[in-house]
Ligand code: UDX
Ligand code: ADP
C-alpha cells in the first residue's frame, strides 16, 4: 500500500511503555492506517528503529517488525507529523508532581500541557486528540480550553482512551484486552469522534469488549481500576503480617478466599509490596482529587492503600535486619531482582529501590542482580553508586553473602541450584523470599534459614 492510500493518519506523541506497544499493535492489526510515533528523546526514537527496543517487553519485537517501515514509523519531527495527523494519541509521561501545590500527590501535567500547546501551534486542520496517558479526572476540560483558544477556527475533539496494559504482558493485553474504554463528550461532534476511535479497535477487538462512556467516567475509571487492583494487594499484604504471627499461611488464605467467585483469585499474591509507574501515582491522584472536592474521608480511605504498601516494604527490611542478629553492617547481601515485577526492565517505584537504600543506610554491602533491570537500577541509585555493586549472575552475587533477598518474581530464580548457592555463602545463610516463589521446605532442608511473606520463618535456631 503506498502512503497516499492510507485510510487514516494516526500519530502518537510519546514513545514510552504505553505509546510504543499500543501503536505497534494498532499498526500490526491495521495495515490500512499509517501510524507514526514521535518523541522528544532522539535516543528512544533511534532505538525503536533497531532490534534493541528501548523497553523490554516479551513478544514486542515481533509485533514491531511486522509493521515497521510498512505502516509504522518513528520520528522526532513532531510538528510536521502533528500537521499531517487526523488522530493524535498522547502518551507522554505524567509523573507525580514533586514541587509546589499538590506536590507528592497530584500529576505533574507540564509535559501534557506542552504537548497540547505543540498541537495547537502546528495544527491547521480539525483533529481528534486521544488521552492515552493516565490523567486526573477532568483533564480533558483543561485540554479543551487550551486547544480551543486557537483563532484558526480549528475544531478539536478530545477522547479519553485509557490504557490498561500491564508491563511484561503488554502484547497479550493489547491483543486480547478484557475491555477497551473510549469516552467522549456526548455531543454530535464528540460521538462522531468516539466512533472513529471505536472503528480503530474494532479491527481486532470484539465489539462487546469495546465500552463507551462519557469522558469523565472514562478518565475516572482508569484511576479507579488501578486503585482497586492495588487495594487487593494491600489487603492481602496486611493479612500477611497477621499470618506471620498466627501460623496461618497467607497463600492458603488467599487461595481459600479467592475460590469465592465474588472475590476471585487474581491479584492476591502477598509480596514485598507493589511497584510500577501507575499504582501509587494513580491512587495519590485520586486522593488529591477527593481532597480538592472536600471529600476527606474518601481521600483517607484510599491513601491507606499506599500507606499499607509502605508498611510492607518497611516490614521486609525490619525482618531482614532482625533476623541477621540486628546488624547488617558490612554484611554482603544479594538482592535477586530489582525490577518492580518479572518480565520487565522497568524499576519505577520498585520496592527494591527503598529496600536497597535502607540496607545501605545500615551500611550493608548490597549486591544487585537482575536479568533486565541493572541499567535502570544504576540510574535509580545514581547518588549511592559507590556504596552498592551490581552482578548480573545470581551465583556470583550470592557468593560469600550472608543473605539473599528475592525482590522480583523472575522465573530464573525458581530454577537456580540453591545447593550450590548455599555452599558458596557465609553461614548461617539466610534467604528472604519477598515474592513467595521458592520452595521453602527444600531450602530449609539444604540448610538455609528461610523467611517468606505471610508464613512464620523456618530457622535452624532454637528461640
Ligand atoms: C498496572 C495495571 O495492572 C494495568 O492495568 C495499568 O494499565 C498499569 O498499572 P503494571 O504496573 O504494569 O500494571 O503491573 P501489575 O501487573 O499490575 O503489577 C503491579 C505491582 O503489583 C507489581 O509490583 C507486582 O509485582 C505487584 N503485585 C501484583 C503483587 O504484589 N501481587 C499481586 O498479586 C499482583
Ligand atoms: P509511559 O509509561 O506513560 O509510557 P514513559 O516515560 O515510558 O511513560 O514515556 C513517555 C514518553 O513521552 C517519553 O519517551 C518522553 O520522552 C516523551 N515525551 C514527554 N514529553 C514529550 C513532548 N512534549 N513531546 C514528545 N514526547 C514527549
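Structure notes:
- Of the set (1) within 26 Å of residue 25 (Cβ to Cβ); (2) outside any strand (DSSP E or B); (3) away from ligand 1 (no atom under 16 Å from the Cβ), all apply to residue 174 but (3).
- Residue 326 being more than 16 Å from the chain's Cα centre (by Cα), within 16 Å of ligand 2 (Cβ to nearest atom) and in the same structural domain as residue 453 (by TED's automatic domain parsing): no
- Selection from the range 315-344 of residues that are free of Cβ contacts under 8 Å to residues at least 40 places away in the same chain and either within 16 Å of ligand 1 (Cβ to nearest atom) or in a helix (DSSP H, G or I) (or both): 318, 322
- Enumeration of residues in the range 9-31 that are buried (at least 24 other Cβ atoms within 10 Å of the Cβ) and part of a strand (DSSP E or B): 10, 11, 12, 13
- The numbered conditions (1) within 16 Å of ligand 2 (Cβ to nearest atom); (2) more than 30 Å from residue 342 (Cα to Cα); (3) at pLDDT 95 or above are all true for residue 196 except (1).
- Any hit, the range 266-281, residues being in contact with a strand residue (DSSP E or B) (Cβ under 6 Å, 6 or more places away or on another chain) and modelled with pLDDT under 95: yes
- Across the range 35-86, the number of residues qualifying as under 19 Å from residue 25 (Cβ atoms) and within 22 Å of the chain's Cα centre (by Cα) comes to 19.
- Within the set 135, 60, the sole residue that is out of contact with any strand residue (DSSP E or B) (no Cβ under 6 Å at 6 or more places or on another chain), within 16 Å of ligand 1 (Cβ to nearest atom) and at pLDDT 95 or above turns out to be 60.
- If the condition is being crowded, with 16+ Cβ neighbours inside 10 Å, on the phi < 0 side of the Ramachandran plot and not in a helix (DSSP H, G or I), then the range 249-281 contributes 249, 268, 269, 270, 271, 272, 274, 275, 277, 278.
- Residue check, residue 186 under 12 Å from residue 212 (Cα atoms) and either in the same structural domain as residue 117 (by TED's automatic domain parsing) or in a helix (DSSP H, G or I) (or both): yes
- Here 96, 139 are screened, and the one residue that is touching a residue at least 40 places away in the same chain (Cβ under 8 Å), crowded, with 20+ Cβ neighbours inside 10 Å and under 22 Å from the mean Cα position of the chain (by Cα) is 139.
- When residues in the range 32-48 are screened for being within 21 Å of residue 277 (Cβ to Cβ) and either assigned to a loop (DSSP other than H, G, I, E, B) or not assigned by TED's automatic domain parsing to the domain that holds residue 88 (or both), 3 of them pass.
For every residue, the table says whether it meets (1) under 22 Å from residue 218 (Cβ atoms); (2) touching a residue at least 12 places away in the same chain (Cβ under 8 Å); (3) assigned by TED's automatic domain parsing to the domain that holds residue 343; (4) touching a helix residue (DSSP H, G or I) at 6+ places or on another chain (Cβ under 7 Å).
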| residue | (1), (2), (3), (4) |
| --- | --- |
| 247 | no, yes, yes, no |
| 285 | yes, yes, yes, yes |
| 288 | yes, yes, yes, no |
| 292 | yes, no, yes, no |
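- Of note, residue 305 satisfies the criterion of being more than 29 Å from residue 426 (Cβ to Cβ), buried (at least 21 other Cβ atoms within 10 Å of the Cβ), within 15 Å of ligand 1 (Cβ to nearest atom) and touching a residue at least 24 places away in the same chain (Cβ under 8 Å).
- Just one of (1) in contact (Cβ under 8 Å) with a residue 12 or more places away in the chain; (2) under 22 Å from residue 347 (Cα atoms) fails for residue 47. It is (1).
- The residues of the range 152-163 that are assigned to a loop (DSSP other than H, G, I, E, B) and either in contact (Cβ under 8 Å) with a residue 12 or more places away in the chain or under 18 Å from residue 218 (Cα atoms) (or both), listed by number, are 152, 154, 155, 161, 162, 163.
The values are calculated or read from the model by the stated rules, or taken from the named source; none is laboratory data. For clarity, every value in this text was computed on a predicted model and none was experimentally measured. Cβ: placed from backbone, ideal geometry, glycine included. Neighbour counts: every protein chain shown.
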